[in-house]
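Coordinate-derived values only; no laboratory data. Quantities reported herein were computed from a predicted structural model and do not represent experimental measurements. All Cβ positions, glycine included, derive from the backbone under ideal geometry; neighbour counts span all protein chains shown.
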Amino acid sequence: MELTAEIAAYRDGTGDPGRLVGEFRRAVLLAPLADGDAGAAGGLMSAVSGGIRWFYAFTDEEALARFARARGEAGREWPYLAVLGARLVDAVVPQVDGPAGVAVNVADGDGSMLFPPVSGIVPQACAVDAGQDVASGAVA
């Protein structure tokens, strides 16, 4: 199943978190380049919300175009990198000073998904829940 289908299944309550993360890691995503944003790590477009840096990523050019329209910037060129989801969390996230995750298809409402900086998604050294027993919330 492709990532958009896994996102839909997960949001409908029928998806499997492991399959969702697996599809995210295998998916080739479009990561827009920052346009002179000195705060963006690695030259990729991102935003900070809730103390987390979220890198924008899109499953296809149409999803990126919806994002551009939502920002009122559909008339400009949107350069991007095609990158595996695994590369974003395994190579880009560790370069950020502080917690970081990936926001997929953020302009799509019910088709969007956040991949937060937690164990099982980002490297353990970057996970905000590292050292905790996730099931009980206890610190290991």
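General observations
- Taking label positions 7 Å along the Cα-Cβ direction at both Arg11 and Asp97, the computed distance is 3.5 nm, reported to one decimal.
- Cut-off under 5 Å, modelled amide H: who pairs with Val118 long-range: Val128
- With a Förster radius of 35 Å applied to the C-beta separation of Ser119 and Glu61, the computed FRET efficiency comes to 0.60.
- Amide H contacts for Gly15 (H built 1.01 Å from N in the peptide plane; partners 5 or more residues away or on another chain; cut-off under 5 Å): Tyr10.
- The charge dipole of the chain, taken about its Cα centre with unit charges on the Cβ atoms of Lys, Arg (+1), Asp and Glu (-1) only, comes to about 160 debye.
- Ascending count of other beta-carbon atoms within 10 Å, so fewest first, for Thr14, Thr4: Thr14, Thr4
- Near the amide H of Leu81, within less than 5 Å, lie the amide hydrogens of Ala31, Leu33, all on another chain or at least 5 residues away, with H placed in the peptide plane.
- Unit charges on C-beta of K, R, D, E only; dipole of the range 52-109, Debye: 140 debye
- Pairs of Cα atoms nearer than 8 Å and 6+ residues apart set the relative contact order; for the range 3-139 it is 23 percent.
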